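Colleague: This structure is in structure tokens; I'll ask about it shortly.
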Amino acid sequence: MSELNIFVAGEWRVGGGEEMLSTFPADGSINARLHAASLDDVEQAISAADQAWRAASWRGLLPHQRALILARAADLISQQQEELAQLQTQDNGKPLAETRGLVASAAATARYFAAACEVLEGEWPSNRQPALLTLSQYQPLGVVAAITPWNSPIASEMQKIAPALAAGNAVIVKPAEATPLLALRLAQIFEQAGLPRGLLSVLPGRGSVIGEAIARHPLVRKLSFTGSTNTGRRLAHIAADKLIPTSLELGGKSASIVLADADLELAARGIVYGIFSSAGQACIAGSRLFVHRSLYQPLRQRISELSRQLRLGDPRQPGIHIGPLINHAHRERVQSYVQLALAEGGHLLFGGEPPAAPALSQGSYFQPTLLEGLSNQARVCQEEIFGPVLVMLPFDDEAELLTQVNDSLYGLAAGIWSQNLGHAMQLAEQLDVGTVWINTYKVFSIATPFGGFKQSGLGREKGRDSIKAYMQQKSLYLALNPHPNLWSD
């Protein structure tokens with residue numbers, strides 16, 4: 001167990017707030033102790049950030065010079081990949097196979113936005129008046145708040161830090177209370193990469209205290225948040241009151257759709273991965289499964305077979321598919337949804353409770369769970385569970401299917417399984433979601449925008465243009481042949 005400092009305006013120091021613990025979800029042991037940020041820490045970090053982004057040492061850098069810092073950070077992440085993966089596994093309980101991928105994703109994100117920074121261009125609109133040249137350029141917003149979740153810390157944090165820095169801003173990171181370790185390590189990495197002091201601070205603490213104080217601070221000019229819809233809605237109100245932009249990646253109740261012509265094995269394996277990887281703790285988890293009635297029975301059997309082969313256990317060990325949930329309180333919440341489904345008339349096909357193995361009794365493990373016999377109106381089909389719980393629902397025709405899939409407050413993602421790609425594309429266009437996978441699930445590209453419809457969020461992360469979400473546009477008018485402005489004469 002280690003004692004950690006927080007990172008405030010380029011200085012490592014003991015936080016002024018209450019004591020916090022990072023615990024290993026597999027057995028409840030303590031990874032590290034630290035003190036949360038205080039309101040004074042918030043004030044100092046944001047004041048320093050506002051000075052730092054305005055300084056010539058940052059604002060005056062050419063794009064390729066900012067890009068160099070991001071590239072160095074990417075190299076340092078790659079060099080420390082195994083150590084960082086182990087650290088994230090300790091912090092949130094994801095199996096090493098997953099955390100290694102998330103660390104690699106963070107490095108790739110830094111490299112991508114280093115490149116995007118170098119090729120970002122202004123605009124030269126077409127001439128609408130004689131002897132007048134108009135130009136449009138992009139400039140940084142200033143101080144940006146990045147509020148990140150516990151389920152994929154290093155990847156989520158880099159998806160906000162990298163484009164914000166590439167755009168020339170300063171960044172205040174508020175990591176999730178349960179998982180502060182990776183954000184603090186990223187601060188070390190950017191410090192080693194040569195990022196000027198004050199441009200990055202990491203302020204762990206309660207969202208209701210530290211997150212709220214950061215969001216409401218008058219010098220913070222953008223809020224970027226990934227997390228629950230309720231918290232996102234609150235932050236959106238704060239942003240509206242301040243008249244500042246916000247990016248919100250929120251909850252989901254994503255659907256997997258299996259059409260009558262689907263490849264059964266391909267669909268079964270993709271569905272199992274889409275809901276049970278990360279122990280279902282993913283906003284894009286495919287938690288509703290709509291299956292054409294002709295394939296319902298064979299697909300149910302194959303999903304059951306595959307799910308029973310999944311290995312739960314210590315996420316540090318090789319060959320483990322599913323680690324623990326983030327903590328016991330969350331496990332109780334997930335189990336309460338299974339009990340609710342049964343009360344609503346659902347049938348439990350497997351899972352539905354913690355594993356019985358004594359070796360797993362200290363951790364917050366929960367078995368992969370499959371339910372059926374419910375309508376799409378059931379609460380477990382409408383509310384985000386954020387755990388390894390899948391509900392199967394049969395359908396007979398696509399009009400009925402579309403109505404049910406789109407009947408959700410959320411609109412984050414969906415998957416379609418069909419051997420007719422043209423037909424699948426037509427169906428995808430009618431889904432009210434931000435991302436659709438066809439014959440695959442839960443794969444990403446940093447070059448492809450990601451975000452949700454409806455209450456799954458606002459704005460987009462990833463993609464080359466997402467750097468502009470951390471900038472503001474300025475237009476310039478140049479008189480090429482100056483004459484006095486005409487007035488009454």
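Colleague: Could you tell me whether any residue of the range 255-264 is under 17 Å from the mean Cα position of the chain (by Cα) and either surrounded by 15 or more Cβ atoms within 10 Å (Cβ to Cβ) or without any contact (Cβ under 8 Å) to a residue 40 or more places away in the chain (or both)?
Modeller: no
Colleague: In addition: Given the conditions (1) touching a residue at least 40 places away in the same chain (Cβ under 8 Å); (2) loosely packed, with under 15 Cβ neighbours inside 10 Å; (3) farther than 30 Å from V143 by Cβ; (4) in contact with a strand residue (DSSP E or B) (Cβ under 8 Å, 6 or more places away or on another chain), which single one is not true for Y477?
Modeller: Of everything listed in (1) touching a residue at least 40 places away in the same chain (Cβ under 8 Å); (2) loosely packed, with under 15 Cβ neighbours inside 10 Å; (3) farther than 30 Å from V143 by Cβ; (4) in contact with a strand residue (DSSP E or B) (Cβ under 8 Å, 6 or more places away or on another chain), Y477 misses just condition (3).
Colleague: Here is a follow-up. Identify, by number, the condition in (1) surrounded by 13 or more Cβ atoms within 10 Å (Cβ to Cβ); (2) without any contact (Cβ under 8 Å) to a residue 60 or more places away in the chain that L409 doesn't meet.
Modeller: For L409, the exception is condition (2).
Colleague: Could you list, in sequence order, all residues of the range 91-136 that are over 27 Å from A164 (Cβ atoms) and under 19 Å from the mean Cα position of the chain (by Cα)?
Modeller: Scanning the range 91-136 gives G93, P95, L96, A97.
Colleague: Would you pick out the residues in the range 431-480 that are outside any strand (DSSP E or B), of a type in the set (V, I, T) and more than 18 Å from S156 (Cα to Cα)?
Modeller: Answer for the range 431-480, where residues must be outside any strand (DSSP E or B), of a type in the set (V, I, T) and more than 18 Å from S156 (Cα to Cα): V433, T440.
Quick grid of which residues meet (1) assigned to a loop (DSSP other than H, G, I, E, B); (2) out of contact with any helix residue (DSSP H, G or I) (no Cβ under 7 Å at 6 or more places or on another chain); (3) more than 17 Å from R288 (Cβ to Cβ):
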{"position": "R316", "(1), (2), (3)": "yes, no, yes"}
{"position": "L325", "(1), (2), (3)": "yes, no, yes"}
{"position": "A329", "(1), (2), (3)": "no, yes, yes"}
{"position": "V338", "(1), (2), (3)": "no, yes, no"}
{"position": "L342", "(1), (2), (3)": "no, yes, yes"}
{"position": "A359", "(1), (2), (3)": "no, yes, yes"}
{"position": "P394", "(1), (2), (3)": "no, no, no"}
{"position": "L401", "(1), (2), (3)": "no, yes, no"}
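Colleague: Determine whether A178 is more than 23 Å from S277 (Cβ to Cβ) and not β-branched (V, I, T).
Modeller: Against the criterion (more than 23 Å from S277 (Cβ to Cβ) and not β-branched (V, I, T)), A178 does not qualify.
Colleague: All but one of (1) surrounded by fewer than 18 Cβ atoms within 10 Å (Cβ to Cβ); (2) in a loop (DSSP other than H, G, I, E, B) hold for L306; which doesn't?
Modeller: With (1) surrounded by fewer than 18 Cβ atoms within 10 Å (Cβ to Cβ); (2) in a loop (DSSP other than H, G, I, E, B) applied to L306, the lone miss is (2).
Colleague: Restricting to the range 26-60, give me the number of residues that are of a type in the set (A, V, I, L, M) and either under 30 Å from H330 (Cβ atoms) or without any contact (Cβ under 8 Å) to a residue 24 or more places away in the chain (or both).
Modeller: 10
Colleague: Residue under question is M425, and the condition is that it be surrounded by 16 or more Cβ atoms within 10 Å (Cβ to Cβ) and among the hydrophobic types (A, V, I, L, M, F, W, C); does it hold?
Modeller: no
Colleague: Listed residues R185, R221, R234; which is modelled with pLDDT of 95 or more, among the basic types (K, R) and either over 30 Å from R66 (Cβ atoms) or assigned to a loop (DSSP other than H, G, I, E, B) (or both)?
Modeller: R234
The values are calculated or read from the model by the stated rules, or taken from the named source; none is laboratory data. Predicted, not measured: the structure shown is a model, and the values here were computed from it. Glycine also receives a Cβ, built like all others from the backbone with ideal geometry; neighbour counts cover every protein chain displayed.
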